[in-house]
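The block underneath contains the structure these notes are about, expressed in structure tokens.
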Amino acid sequence: MEISLDQWVLFCRGPVLLNATILYTWLVMALLGLVSWLATRRLSTSEKISPWQNLMEVLVGGMREQIRQISQQDPGPFLPFIGTLFIFISFSNLLSVLPGYHPPTCSLSTTSALAICVLVAVPFYGIAQHGLRAYLSHYLAPTVLMLPFHIISELSRTLALAVRLFGNVMSGSLLGTVLLAVVPLFFPLAMQLLELLIGQVQAFIFAVLATVYIVSAAQAHEEKKQTLRPGPAKPETQ
């Protein structure tokens, strides 16, 4: 039994290799592009809007509200990145109802790539808000001896993001395949529905954790500035 989609090679000629992970990732990207085109080709500001636009507005509005509740900030800067992560993971897992399809999130390569995007986004947003020098000073607080521990913390949570998403999606997909082979139809069907629910929950958790990591870095610098800022002078007592 193939555990990883990376081992399922569909085409190989010289340095060019096409495996199932790449194929299904392209499929998800193509379908997302198609859905985006259908939802935005006839945008309207009137009361009568298309079902596609209504779905898109509900989805974007929900993501904005979730980011606002988590970050307590304007969700605008974070929405493109966090929204893309959530939609890609959610749509990838949702398509698992199609026969012969395997979500690319079953591959550790895909989940690692998504986690690395979060790893890069954390300093990107931190530097954009506070500047390079102020952001890098966070790694030296409260002493330069903490630098290795800060770096290990960044790398370990990136690994945790990748392994958590990969493990949950892969185990659910593998369990559904095994049950379909050994028991009647109805129980695997229930497990398939449970797998869809788990896939959506994992997409939500990944997006929430990415938001928390990005926002916490920015808030750490803001708190540091406030502690270093001199407070008002206390009145002298008689």
Worksheet item: When only DSSP loop residues count, what GluC sites (Glu not before Pro) in the range 1-84 have their Cβ near at most 16 other Cβ atoms within 10 Å?
Response: 2, 47
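With the Cα gyration tensor of the range 1-63 giving a ≥ b ≥ c as the square roots of its eigenvalues, does the rule (a/c under 1.5 for rounded; else a/b larger than b/c for prolate; else oblate) give rounded, prolate or oblate?
Working: a/c = 5.19, a/b = 2.91, b/c = 1.78.
Prolate shape, in that a/c is at least 1.5 and a/b is the bigger ratio.
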Discussion item. Using protein chains only and a probe of 1.4 angstrom, how many square angstrom of residue 22 are accessible, to the nearest 10?
Written reply: 60 Å²
Practice prompt. List, in order, the whole-Hz ³J(HN,Hα) value for each residue of the range 156-167 obtained from phi through the Karplus relation with A = 6.51, B = -1.76, C = 1.60 and θ = phi - 60°; use x for Gly and Pro.
Written response: 5, 6, 5, 4, 5, 4, 5, 5, 4, 5, 4, x
Practice prompt. Once you have the Cα-Cα distance between residue 113 and residue 143, take 0.36 nm times their residue separation minus that, and quote the gain in nm to one decimal.
Written response: 7.6 nm
Practice prompt. At 7 Å along the Cα-to-beta-carbon direction for both residue 205 and residue 65, put a label point, then send me their distance in nm to one decimal.
Written response: 2.4 nm
Discussion item. Report the Cα centroid-to-centroid distance between the range 92-129 and the range 16-89 in angstrom, as an integer.
Written reply: 14 Å
Worksheet item: If ligands, DNA and RNA are left out, what is the accessible area of residue 8 with a 1.4 Å probe, given in Å² to the nearest 10?
Response: 100 Å²
Worksheet item: To the nearest 10 Å², what's residue 150's accessible area with a 1.4 Å probe?
Response: 40 Å²
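Rank these residues by their accessible area, most exposed first, probe 1.4 Å: 96, 137. Kindly include the intermediate steps, with their values, before the conclusion.
Working: 96 15, 137 35 Å².
Correct descending sequence by accessible area is 137, 96.
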Worksheet item: What do you reckon, how do 40, 211 stack up by accessible area (1.4 Å probe), largest on top?
Response: 40, 211
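By the scheme Lys and Arg +1, Asp and Glu -1, what is the net charge of all other residues having a beta-carbon under 14 Å from that of residue 105?
So the environment of residue 105 carries a net charge of -1.
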Item to complete: Return the sequence-ordered ³J(HN,Hα) values of the range 78-87 in whole Hz as given by the Karplus equation 6.51 cos²θ - 1.76 cosθ + 1.60 applied to θ = phi - 60°, using x for Gly and Pro.
Response: 8, 4, x, 6, 5, x, 5, 4, 5, 5
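The values are calculated or read from the model by the stated rules, or taken from the named source; none is laboratory data. From a predicted model like this one, the values you see are computed outputs, not experimental measurements. Positions of Cβ are generated from backbone atoms using ideal geometry, with glycine treated the same way; all protein chains shown enter the neighbour counts. For the accessible areas, the whole protein counts, side chains as well, though only heavy atoms, and no ligand, DNA or RNA atoms are used. Shrake-Rupley method; radii C 1.70, N 1.55, O 1.52, S 1.80 Å.
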